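Read the structure below first, then the notes.
The values are calculated or read from the model by the stated rules, or taken from the named source; none is laboratory data. Here the structure is a predicted model, which is why all the values come from computation and not from measurement. Don't worry about glycine lacking a Cβ; one is built from the backbone with ideal geometry, like all the others, and counts go over all protein chains shown. SASA here: full protein model, heavy atoms, side chains in, ligands and nucleic acids out. Shrake-Rupley method; radii C 1.70, N 1.55, O 1.52, S 1.80 Å.
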Amino acid sequence: MSVPTIVVHRNADVLANAVAARIITRLVDVQSAKGSASIVLTGGTVGIATLAAIAATPARDAVDWRRLDVWWGDERFLPSGDKERNETGARDALLDHVDVDPERIHVMRGPDSGMTAEESADAYAAELRAAARPEDHGPVPSFDVMLLGMGPDAHVASLFPGMPALYDTRPVVA
(Lines give C-alpha, C1' and ligand atoms only; values in the text may rest on other atoms or scores of the structure.)
Protein backbone atom coordinates (compact mmCIF):
# COMPACT_ATOMS: atom_id res chain seq x y z
CA MET A 1 0.00 0.00 0.00
CA SER A 2 1.28 3.45 -0.85
CA VAL A 3 1.73 6.23 1.66
CA PRO A 4 -0.89 8.96 1.24
CA THR A 5 0.32 12.34 0.06
CA ILE A 6 -1.44 15.41 1.37
CA VAL A 7 -1.28 18.52 -0.80
CA VAL A 8 -2.67 21.74 0.65
CA HIS A 9 -3.78 24.57 -1.64
CA ARG A 10 -4.31 28.16 -0.54
CA ASN A 11 -7.99 28.31 -1.59
CA ALA A 12 -10.80 26.40 -3.29
CA ASP A 13 -10.15 27.93 -6.73
CA VAL A 14 -6.51 26.85 -6.75
CA LEU A 15 -7.57 23.42 -5.49
CA ALA A 16 -10.18 23.03 -8.25
CA ASN A 17 -7.69 24.03 -10.96
CA ALA A 18 -4.97 21.75 -9.60
CA VAL A 19 -7.35 18.79 -9.40
CA ALA A 20 -8.63 19.54 -12.91
CA ALA A 21 -5.06 19.38 -14.26
CA ARG A 22 -4.42 16.07 -12.48
CA ILE A 23 -7.68 14.59 -13.77
CA ILE A 24 -6.91 15.52 -17.36
CA THR A 25 -3.42 14.05 -17.09
CA ARG A 26 -4.71 10.84 -15.52
CA LEU A 27 -7.48 10.37 -18.11
CA VAL A 28 -5.09 10.95 -21.01
CA ASP A 29 -2.55 8.53 -19.53
CA VAL A 30 -5.18 5.82 -18.97
CA GLN A 31 -6.70 6.27 -22.42
CA SER A 32 -3.22 6.00 -23.96
CA ALA A 33 -2.60 2.76 -22.08
CA LYS A 34 -6.03 1.10 -22.19
CA GLY A 35 -8.01 2.86 -24.91
CA SER A 36 -10.74 4.10 -22.58
CA ALA A 37 -11.07 5.46 -19.07
CA SER A 38 -13.63 5.88 -16.32
CA ILE A 39 -14.37 8.61 -13.81
CA VAL A 40 -16.66 8.77 -10.79
CA LEU A 41 -18.04 12.26 -10.20
CA THR A 42 -19.22 13.99 -7.07
CA GLY A 43 -21.12 17.18 -6.45
CA GLY A 44 -20.46 19.89 -3.94
CA THR A 45 -18.88 23.28 -4.36
CA VAL A 46 -15.32 22.13 -5.07
CA GLY A 47 -16.43 19.08 -7.06
CA ILE A 48 -18.47 21.17 -9.49
CA ALA A 49 -15.80 23.90 -9.56
CA THR A 50 -13.29 21.22 -10.57
CA LEU A 51 -15.51 20.13 -13.46
CA ALA A 52 -15.91 23.77 -14.53
CA ALA A 53 -12.11 24.17 -14.42
CA ILE A 54 -11.75 21.16 -16.73
CA ALA A 55 -14.26 22.70 -19.15
CA ALA A 56 -12.45 26.05 -19.05
CA THR A 57 -8.98 24.81 -19.95
CA PRO A 58 -7.92 24.07 -23.53
CA ALA A 59 -6.12 21.00 -22.13
CA ARG A 60 -9.56 19.33 -21.91
CA ASP A 61 -9.21 18.62 -25.64
CA ALA A 62 -6.44 16.12 -24.87
CA VAL A 63 -9.10 13.80 -23.39
CA ASP A 64 -11.03 11.61 -25.83
CA TRP A 65 -14.43 12.25 -24.26
CA ARG A 66 -16.09 9.63 -26.51
CA ARG A 67 -13.98 6.95 -24.74
CA LEU A 68 -14.83 7.94 -21.18
CA ASP A 69 -17.32 6.25 -18.86
CA VAL A 70 -18.89 8.67 -16.37
CA TRP A 71 -20.34 7.39 -13.09
CA TRP A 72 -21.51 9.02 -9.85
CA GLY A 73 -20.36 8.21 -6.34
CA ASP A 74 -23.48 9.78 -4.88
CA GLU A 75 -26.65 11.45 -6.03
CA ARG A 76 -29.65 13.14 -4.52
CA PHE A 77 -32.94 11.33 -5.23
CA LEU A 78 -34.52 14.24 -7.08
CA PRO A 79 -36.08 14.58 -10.55
CA SER A 80 -33.85 14.88 -13.61
CA GLY A 81 -32.77 18.46 -14.15
CA ASP A 82 -33.28 19.49 -10.52
CA LYS A 83 -30.58 22.02 -9.64
CA GLU A 84 -29.77 20.08 -6.44
CA ARG A 85 -28.86 16.89 -8.36
CA ASN A 86 -25.14 16.25 -8.79
CA GLU A 87 -25.86 15.16 -12.37
CA THR A 88 -27.38 18.56 -13.18
CA GLY A 89 -24.35 20.37 -11.78
CA ALA A 90 -21.96 18.08 -13.67
CA ARG A 91 -23.82 18.58 -16.93
CA ASP A 92 -23.89 22.37 -16.51
CA ALA A 93 -20.23 22.58 -15.50
CA LEU A 94 -18.66 20.06 -17.91
CA LEU A 95 -20.62 17.30 -19.59
CA ASP A 96 -22.72 19.61 -21.79
CA HIS A 97 -19.49 21.26 -23.02
CA VAL A 98 -17.55 18.19 -24.19
CA ASP A 99 -18.31 15.44 -26.70
CA VAL A 100 -19.06 12.69 -24.20
CA ASP A 101 -21.00 9.67 -25.49
CA PRO A 102 -24.46 9.80 -23.83
CA GLU A 103 -24.45 5.98 -23.64
CA ARG A 104 -21.38 6.14 -21.40
CA ILE A 105 -22.93 8.51 -18.85
CA HIS A 106 -24.30 6.26 -16.11
CA VAL A 107 -26.97 8.25 -14.30
CA MET A 108 -28.68 7.32 -11.04
CA ARG A 109 -32.41 7.52 -11.66
CA GLY A 110 -34.60 9.93 -9.75
CA PRO A 111 -38.26 9.82 -8.73
CA ASP A 112 -39.36 10.91 -12.23
CA SER A 113 -38.25 7.44 -13.41
CA GLY A 114 -41.14 5.91 -11.49
CA MET A 115 -38.72 4.14 -9.16
CA THR A 116 -38.42 4.44 -5.41
CA ALA A 117 -35.04 5.44 -3.98
CA GLU A 118 -34.38 1.81 -3.05
CA GLU A 119 -35.28 0.58 -6.56
CA SER A 120 -33.03 3.24 -8.07
CA ALA A 121 -30.14 2.14 -5.84
CA ASP A 122 -30.71 -1.50 -6.84
CA ALA A 123 -30.80 -0.55 -10.54
CA TYR A 124 -27.54 1.40 -10.21
CA ALA A 125 -25.92 -1.52 -8.40
CA ALA A 126 -27.00 -3.79 -11.26
CA GLU A 127 -25.49 -1.38 -13.81
CA LEU A 128 -22.23 -1.31 -11.86
CA ARG A 129 -22.24 -5.11 -11.61
CA ALA A 130 -22.79 -5.42 -15.37
CA ALA A 131 -19.79 -3.15 -16.01
CA ALA A 132 -17.47 -5.02 -13.63
CA ARG A 133 -14.90 -7.33 -15.21
CA PRO A 134 -13.30 -10.42 -13.67
CA GLU A 135 -10.09 -8.47 -13.00
CA ASP A 136 -12.08 -6.00 -10.87
CA HIS A 137 -12.54 -8.73 -8.23
CA GLY A 138 -15.87 -7.44 -7.01
CA PRO A 139 -19.35 -6.17 -7.75
CA VAL A 140 -18.23 -2.82 -9.16
CA PRO A 141 -15.70 -1.80 -11.83
CA SER A 142 -12.26 -0.54 -10.90
CA PHE A 143 -12.37 3.17 -11.69
CA ASP A 144 -9.50 5.23 -13.06
CA VAL A 145 -10.49 8.44 -11.26
CA MET A 146 -12.84 8.78 -8.31
CA LEU A 147 -13.74 12.19 -6.94
CA LEU A 148 -14.90 12.45 -3.35
CA GLY A 149 -15.38 15.63 -1.41
CA MET A 150 -15.95 16.20 2.25
CA GLY A 151 -18.75 18.42 3.47
CA PRO A 152 -18.39 20.83 6.39
CA ASP A 153 -20.26 18.32 8.57
CA ALA A 154 -17.77 15.56 7.61
CA HIS A 155 -20.06 13.78 5.15
CA VAL A 156 -18.53 12.02 2.15
CA ALA A 157 -20.59 10.69 -0.79
CA SER A 158 -23.80 11.75 0.98
CA LEU A 159 -22.92 9.48 3.89
CA PHE A 160 -23.28 11.50 7.07
CA PRO A 161 -21.71 10.57 10.41
CA GLY A 162 -23.90 8.10 12.29
CA MET A 163 -26.06 7.05 9.33
CA PRO A 164 -27.05 3.36 9.19
CA ALA A 165 -25.94 3.33 5.52
CA LEU A 166 -22.33 3.56 6.75
CA TYR A 167 -22.65 -0.02 7.96
CA ASP A 168 -24.42 -1.36 4.87
CA THR A 169 -22.26 -3.71 2.80
CA ARG A 170 -24.09 -3.23 -0.50
CA PRO A 171 -22.19 -1.26 -3.17
CA VAL A 172 -25.13 1.15 -3.57
CA VAL A 173 -27.56 2.25 -0.85
CA ALA A 174 -30.59 4.54 -0.98
Relative contact order for the chain, counting Cα pairs under 8 Å that sit 6 or more residues apart, in percent:
23 percent
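May I ask for the net charge around Ser120, where only other residues with Cβ less than 10 Å from the Cβ of Ser120 are counted and Lys, Arg are +1 while Asp, Glu are -1?
On the way: positive: Arg109; negative: Glu75, Glu118, Glu119, Asp122.
After counting each charged neighbour, the total is -3.
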Residue-normalised value, i.e. accessible area per residue, for the chain at 1.4 Å probe, in Å², stands at 58 Å²
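Assigning unit charges at the beta carbon (Lys, Arg +1; Asp, Glu -1) and nothing else, what dipole magnitude in debye, to the nearest 20, does the chain show about its Cα centre?
Here the size comes out at about 460 debye.
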Given a Förster distance of 45 Å, report the FRET efficiency between Arg10 and Ser36 from their Cβ-Cβ distance, rounded to the nearest 0.05.
0.80
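Counting only protein heavy atoms, what percent of the accessible surface of the chain is carbon or sulfur at a 1.4 Å probe?
Accessible surface attributable to carbon and sulfur in the chain totals 56 percent.
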Provide, as a two-decimal number, the C-alpha radius of gyration of the stretch 100-171 over 2.2 N^0.38 Å, N being how many residues it has.
1.26
Largest-first principal axis extents, alpha carbons of the stretch 80-124, Å
31, 22, 12
With each run of n ≥ 4 DSSP H residues scored as -39500 (n - 2.57), what mean residue ellipticity at 222 nm is computed for the chain after dividing by its residue count and rounding to the nearest 500 deg cm²/dmol?
-11000 deg cm²/dmol
7 Å from Cα along Cα→Cβ at both Arg104 and Ala117: what's the point-to-point distance in nm?
3.2 nm
At 0.36 nm per residue, and after removing the present C-alpha to C-alpha distance, how many nm does the segment from Ser2 to Glu127 gain when stretched out fully?
42.0 nm
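As a test of reading the structure, rank Arg10, Arg22 by solvent-accessible area (1.4 Å probe, protein chains only), most first.
Arg10, Arg22
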Could you identify which residue out of Ala59, Ala154, Ala16 has the top mean-square fluctuation in a GNM of the chain using Cα springs shorter than 10 Å?
Ala154
Would you mind computing, in nm to one decimal, how far apart the modelled labels at Asp82 and Asp168 are, each placed 7 Å from Cα along Cα→Cβ?
1.6 nm
Quick query: amide H of Ser38 versus all other amide H atoms, modeled in the peptide plane; which residues come in under 5 Å with a sequence gap of 5 or more or a different chain?
Asp69, Asp144, Val145
With θ taken as phi - 60° and the coefficients 6.51, -1.76 and 1.60, list the Karplus ³J(HN,Hα) couplings across the stretch 157-167 in order, rounded to whole Hz; mark glycine and proline as x.
6, 6, 9, 9, x, x, 5, x, 4, 4, 9
The stretch 29-97: which GluC sites (Glu not before Pro) are DSSP loop and have at most 12 other beta-carbon atoms within 10 angstrom?
Glu84
For the stretch 17-132, what class follows from the C-alpha gyration tensor (a ≥ b ≥ c being the square roots of its eigenvalues): rounded when a/c is under 1.5, otherwise prolate if a/b is larger than b/c, else oblate?
oblate
